[in-house]
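A quick write-up on the structure given underneath.
The values are calculated or read from the model by the stated rules, or taken from the named source; none is laboratory data. Every value quoted in this text rests on a predicted model; they were computed, and no experiment measured them. Backbone-built Cβ (ideal geometry, glycine too); neighbour counts: all protein chains shown. When the accessible area is computed, the model is the full protein with side chains, heavy atoms only, and any ligands, DNA or RNA have been set aside. Shrake-Rupley method; radii C 1.70, N 1.55, O 1.52, S 1.80 Å.
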Amino acid sequence: MPKELSLPSGLVPPEPPDPPVTPKDAATVMLVRDTAAGLEVFLQRRVRGMAFAGGMTVFPGGGVDRRDDDTSIAWHGPAPEWWAERFFCDVGLARALVCAAVRETFEESGVLLAGPDGHSVVADVRPFAAAREQLVDRELSLAGFLAEAGLVLRADLLRPWANWLTPEQETRRFDTRFFLARLPEGQRADGDTSEAQDTRWQRPGDALDDWKAGRDGLLPPTWTTLAELEECATVADAMAVERPITVLMPKVARDGNSLRIVLPGDPRYDDSPAHLDARPDDRIGR
């Protein structure tokens, strides 16, 4: 982690929760596309004042809905058992994570990873605008939407990328699985979500430059993923990467008056307490 990557003010509470908060399962999707300038990824700047990561630049995603684990969903691609092996979880949770990835991507960006059958993808999502709103409001489940629309979930369009677990010091914790997906032909990602103040497509390296210049705020998983995607020249390169998935739970280390993130492999990781007492005068400023 670069030294400049500090935690936002207030993200770590003055005193750590005891016991630690149980993390909520979540899914995040990096939508990517090829352009003449190279690979681009879809990014959102979250609305300031949100309870978690307000004002930060992130990928689309969110928590698993209890209805995402629905065995009635028409499914094409690697089976839930395959995803369970990749993410080291049970089959029911694996199914729910993939469904959450598809649902959250549609809710937050309007991109739908589904089609009439296992060999095609919806090109025009406008007929499903009302269903999108119902999904956001939890008036409709993903299973109900897909069944009503006669669509098949395309799990084969997703690739497993990483698994990040929020540090134990924080009061809002997520066990987030990161997925990679190519933007389907004919579809466009939009900013029609109440959770984002703006959205954009950007080359990973340019997004990192914006962070370095202070124009964007990035959490450690987003920074790390952008740095990894920067190594991929094309979408095909990124989709072909075989990534061993390990759970990455950062720890928070005190560096003077700043709080830094350290990851497994960092010499400071084993020496960093799981429950850092972040007193108010030790918090970082913006």
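Roughly speaking, what % of Cα-Cα pairs in region 106-177 are separated by over 18 Å, rounded to a whole number? Of all Cα-Cα pairs in region 106-177, 51 percent lie more than 18 Å apart. Ranking Ala114, Ala100, Phe87 by how far each Cα lies toward the positive end of the dipole of region 62-202 (charges on Cβ) leaves Phe87 at the top. Sorted largest first, the principal axis extents computed over the alpha-carbon atoms of region 124-219 equal 45, 33, 28 Å.
For region 56-152, the dipole from Cβ point charges (+1 on Lys and Arg, -1 on Asp and Glu) about the Cα centre works out to 80 debye, to the nearest 20. These residues, Thr246, Thr57, go from largest to smallest accessible area, 1.4 Å probe, as Thr246, Thr57. Could you calculate the FRET efficiency of Ala79 with Arg215 from 1/(1 + (r/R0)^6), where r is the beta carbon distance between them and R0 is 41 Å, rounded to 0.05? That pair, Ala79 with Arg215, gives E of 0.45. Ranked from largest, the principal axis spans of the Cα set of region 41-149 equal 38, 36, 28 Å.
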